[in-house]
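To start, the structure under review is shown below, and the notes come after it.
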Amino acid sequence: MTNCIVSAIAAVLLLLGPTFADTSVQWPDLIDQSAQSFDDPFRDLTYDEIEALQTVVITRSRLENANLADSDRADLEAKLSGALATLATRDIDADWLIAQRWVVAERREAAATAGNPAIDGRTVTLAGFAIPAAPDPDGTAVAFLVPERGMCSHMPPPNPNQMLRVRLTDDWQPKTLHEPVRLTGKLSIAPSETAMHIVDGVVPMKASFLMEAERVETLQDRRFGRVPAVSDEMAQSIAERVRASGAKANSKTVVSE
């Protein structure tokens, strides 16, 4: 009897169509918070202090030139001494900071790219603005999802952990640039980089996430976001051009292993 009931419930669920055991997430949920806290000795430097530090690095590099004229070398040494003195009066260890620059650069890169492992492999729902892209080699339609209208065209791209590369369903793809949409699908941490020509030139589309879209909800009322920076007619034209760029070399996608 119990088996009959279970079978009946399963049959009803099949008739109702696919179910989505999804979790609605917000853009900050995509970020790996454990990668955000680190010592950054450059964070609190003033503009003058950063400029003095740059002077130290550049001047030392130029002084390595054995062919410098004596007068030029003297000028550079005076410039170097002045920059070091400026930093010393503020208790800034220039040599230590310079040694830390690559360490900090790696930590900043990790903070910008690290995805939240708690949502890796889960089915989620996320709203944002879709940017059309060239299809994958297997013909699957592709788009990028970003949190703000204008990103990657009139605004810089977001950090990679704030961008999704989306493989779309067969029955939908963005008709315009930055089309507001809510997507549901399996989300995976799968870094990729795609160079695309969008509006003003080639843009590196670096995404930490891949979504296999299962459900698409277009948001015609554009309830979130600002007024489009370009007209709908122009946006449609751009969308078609971006999709057509799939045959161009600058649309190649590199997926990290």
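For the pair region 144-220 / region 49-126, the C-alpha centres are spaced 33 Å from each other. Per the Debye calculation on region 54-204 with a single equal scatterer at every Cα and no solvent contribution, log₁₀ I(q)/I(0) for q = 0.10 Å⁻¹ amounts to -0.59. Here region 75-217 has 51 percent of its accessible surface on carbon and sulfur atoms, given a 1.4 Å probe and all protein chains in place. If a spin label sat at a point 7 angstrom from the Cα of residue 103 along the line to its beta carbon, the backbone N atoms of region 44-72 nearer than 18 Å would be those of 44-45. The modelled label-to-label distance for the pair residue 217/residue 170, using points 7 Å beyond Cα in the direction of Cβ, is 2.5 nm. Counting 0.36 nm for each residue step from residue 200 to residue 34 and taking away their Cα separation leaves a gain of 56.2 nm. Available extension along the chain between residue 122 and residue 60 is 17.2 nm, counting 0.36 nm per residue and deducting the alpha carbon span.
The values are calculated or read from the model by the stated rules, or taken from the named source; none is laboratory data. As the structure is a computational prediction, the values presented were derived from the model and not from experiment. Cβ sites come from the backbone with ideal geometry, for glycine too, and all protein chains shown count toward neighbours. The protein model used for the area step is the full one, side chains on, heavy atoms only, and it has no ligands, DNA or RNA in it. Shrake-Rupley method; radii C 1.70, N 1.55, O 1.52, S 1.80 Å.
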